[in-house]
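> I am attaching a structure below and will ask some questions about it afterwards.
The values are calculated or read from the model by the stated rules, or taken from the named source; none is laboratory data. Note that the structure is predicted; figures quoted are calculated from it, not measured. A quick note on method: Cβ atoms are made from the backbone with ideal geometry, for glycine too, and the neighbour counts reach across all protein chains shown.
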Amino acid sequence: MLAPFARLAAPITACLVAGGAVVVGGACVLGSPTNPAPPGLVSRPYVLTGSNLGPLPVTITDASGRKIRVIADTLTFSTGTLSYHGSGTAAVTPPGGTEQPPGNVTISQRSYQLLGTTLTLPATIGGSATAIVEPGAIQAKMPDGSVWIYGER
């Protein structure tokens, strides 16, 4: 009667030495490491640090043909209410005109959507954006195709 148990003595001993393992059918099965949680959006400011176009300031052309030179941009999230607001500094050049002096730009409180790590923002200084939430950062794709990088602060 002890023969079946004696047969498992070696695998059980090996699993005990390995720690965190289980004997299944006489074989030692190591426990799988848990996957880290996906990055999450945090209730705090995210500051524009650059883009795929280069370092700050970021210059884009909007749908109406204006050049917008973004000197600073901050998106502040409130995850409890699924909302955000924006503030920044930008200079605008109308089509065929000269650049206006930089001024403050405010995006009023808006709702956002977050599905997994994909964030949808209806308004930013650069227009509506679809973003990917990464650990400590957001990469936002703007309507002109540029990608703006925001770092958590």
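> Check Ile138 against each of (1) farther than 12 Å from Leu48 by Cβ; (2) surrounded by 14 or more Cβ atoms within 10 Å (Cβ to Cβ) and name the one condition it does not meet.
Among (1) farther than 12 Å from Leu48 by Cβ; (2) surrounded by 14 or more Cβ atoms within 10 Å (Cβ to Cβ), the lone unmet condition for Ile138 is (1).
> Let me ask something additional. Looking at Leu114 and the list (1) closer than 19 Å to Thr49 by Cα; (2) assigned to a strand (DSSP E or B); (3) at pLDDT below 95; (4) not charged (D, E, K, R), which single condition is not satisfied?
Here Leu114 clears every test but (1).
> Still on this structure, please answer the following. Of the conditions (1) within 15 Å of Thr76 (Cβ to Cβ); (2) at pLDDT 95 or above, Val147 satisfies every one except a single condition; which number is it?
Answer for Val147: the failing condition is (1).
> Name the single residue, out of those in segment 96-105 being loosely packed, with under 10 Cβ neighbours inside 10 Å and modelled with pLDDT of 95 or more, that is nearest to the chain's Cα centre (by Cα). Quick ask: steps written out before the conclusion?
Step one: of segment 96-105, the residues loosely packed, with under 10 Cβ neighbours inside 10 Å are 96, 98, 101, 104.
Those left that are additionally modelled with pLDDT of 95 or more: 98, 101, 104.
Numbers: Thr98: 36, Pro101: 32, Asn104: 25 Å.
In this case the residue turns out to be Asn104.
> Another question about this same structure. For residues in segment 58-84 being touching a residue at least 60 places away in the same chain (Cβ under 8 Å) and not in a strand (DSSP E or B), which is surrounded by the fewest Cβ atoms within 10 Å (Cβ to Cβ)?
So, considering only residues that are touching a residue at least 60 places away in the same chain (Cβ under 8 Å) and not in a strand (DSSP E or B), the one surrounded by the fewest Cβ atoms within 10 Å (Cβ to Cβ) is Ala63.
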